[in-house]
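What follows draws every value from the coordinates through simple rules; no lab data is involved. Because the structure is a prediction, the values reported are computed rather than measured. Positions of Cβ are backbone-derived with ideal geometry, glycine not excepted, and every protein chain shown enters the neighbour counts.
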Amino acid sequence: MLLPYAVFHLASPLGALSHSFNIVVYARNLIHIWRNRNALSRRTYWLVHGSVMLIVLTAVCLMSYTWWGEWKQSSEAPAAVMRSTWLWLAIGVAGQGLFACRFLIQWLVTETQKKSVVPLVFWYISLAAATLMGLSYLNRPQPEWLLALTVAAPMPVYFRNLWLIHRSGETRSESDC
């Protein structure tokens with residue numbers, strides 16, 4: 001729901017980027033859950049993958065449209081406004097890159113240890129990414145409060161997990177997903 005909101009209501013390039021590819025991670029997790037429960041049929045497997053591919057292709061088109069619109073709009077603004085707009089978008093993209101990186105790190109650690117592991121660095125990267133993206137959303141010419149809230153809302157969970165991990169003296173947290 002946030003992808004259409006970011007594209008059609010806000011015309012937010014970072015919002016479009018942020019909500020374009022999450023479906024891939026969610027679908028992957030569902031496939032693994034269904035497979036572990038012996039509830040994954042061949043038909044469901046292909047239906048999910050086909051749907052995800054269609055959604056991602058649509059999202060890429062919408063995201064490209066939004067970024068192009070931002071370029072056109074900012075090119076008509078004064079130079080200082082254009083620089084500020086693109087600086088904050090770059091900061092937001094860096095934050096989005098960190099969000100993607102945390103899943104890559106978690107995946108690599110999980111594959112290495114052959115069990116679901118969420119390493120300590122995952123939570124630090126989550127905090128940094130949410131901070132960068134939230135600042136980017138709030139420094140748009142029209143602040144994007146709802147999108148800022150979507151990255152700020154889980155921050156108490158990140159802090160709590162770090163507190164629990166440090167309190168217990170562990171260097172990582174484990175979960176059975």
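Using a 10 angstrom cutoff on alpha carbons, build the Gaussian network for the chain and name the most mobile of Thr112, Thr85, Thr131.
Largest GNM mean-square fluctuation: Thr112.
Taking Cα atoms, how many degrees apart are the long axis of helix 155-168 and the longest axis of the chain, rounded to 10 and kept between 0 and 90?
Tilt relative to the chain: about 40 degrees.
Determine the dipole magnitude for the chain: charges of +1 sit on the beta-carbon of Lys and Arg, -1 on that of Asp and Glu, nothing else is charged, the reference point is the Cα centre, and the result goes in debye to the nearest 20.
It comes to approximately 520 debye.
Which shape class applies to the chain: rounded if a/c is under 1.5, otherwise prolate when a/b exceeds b/c and oblate if not, where a ≥ b ≥ c are the square roots of the Cα gyration tensor eigenvalues?
Verdict is oblate for the chain.
Quick one: angle between helix 22-36 and the longest Cα principal axis of the chain, in degrees between 0 and 90, rounded to 10, please.
10 degrees
Just how large is the dipole of segment 1-97 about the Cα centre, in debye to the nearest 20, putting +1 at every Lys and Arg Cβ and -1 at every Asp and Glu Cβ?
Computed about the Cα centre, the dipole is about 560 debye.
Would you mind checking which residues have amide H under 5 Å from Ser12's amide H? H placed 1.01 Å from N; only 5 or more apart, or other chain.
Close amide H contacts, sequence-distant or interchain: Val7.
With a ≥ b ≥ c taken as the square roots of the eigenvalues of the C-alpha gyration tensor of segment 4-57, please select rounded if a/c is under 1.5 and otherwise prolate if a/b is larger than b/c or oblate if it is not?
Here segment 4-57 falls in the prolate category.
Put +1 on the Cβ of every Lys and Arg and -1 on every Asp and Glu Cβ in segment 1-101; which of Trp88, Tyr45, Cys61 then has its Cα farthest towards the positive end of the dipole?
Tyr45
Roughly how tilted is helix 42-75, in degrees to the nearest 10 and between 0 and 90, from the longest Cα axis of the chain?
20 degrees
Under the rule of -39500 (n - 2.57) per DSSP H run of 4 or more residues, summed and divided by the residues of the chain, what mean residue ellipticity at 222 nm is obtained, to the nearest 500 deg cm²/dmol?
It comes out at -25000 deg cm²/dmol, rounded to the nearest 500.
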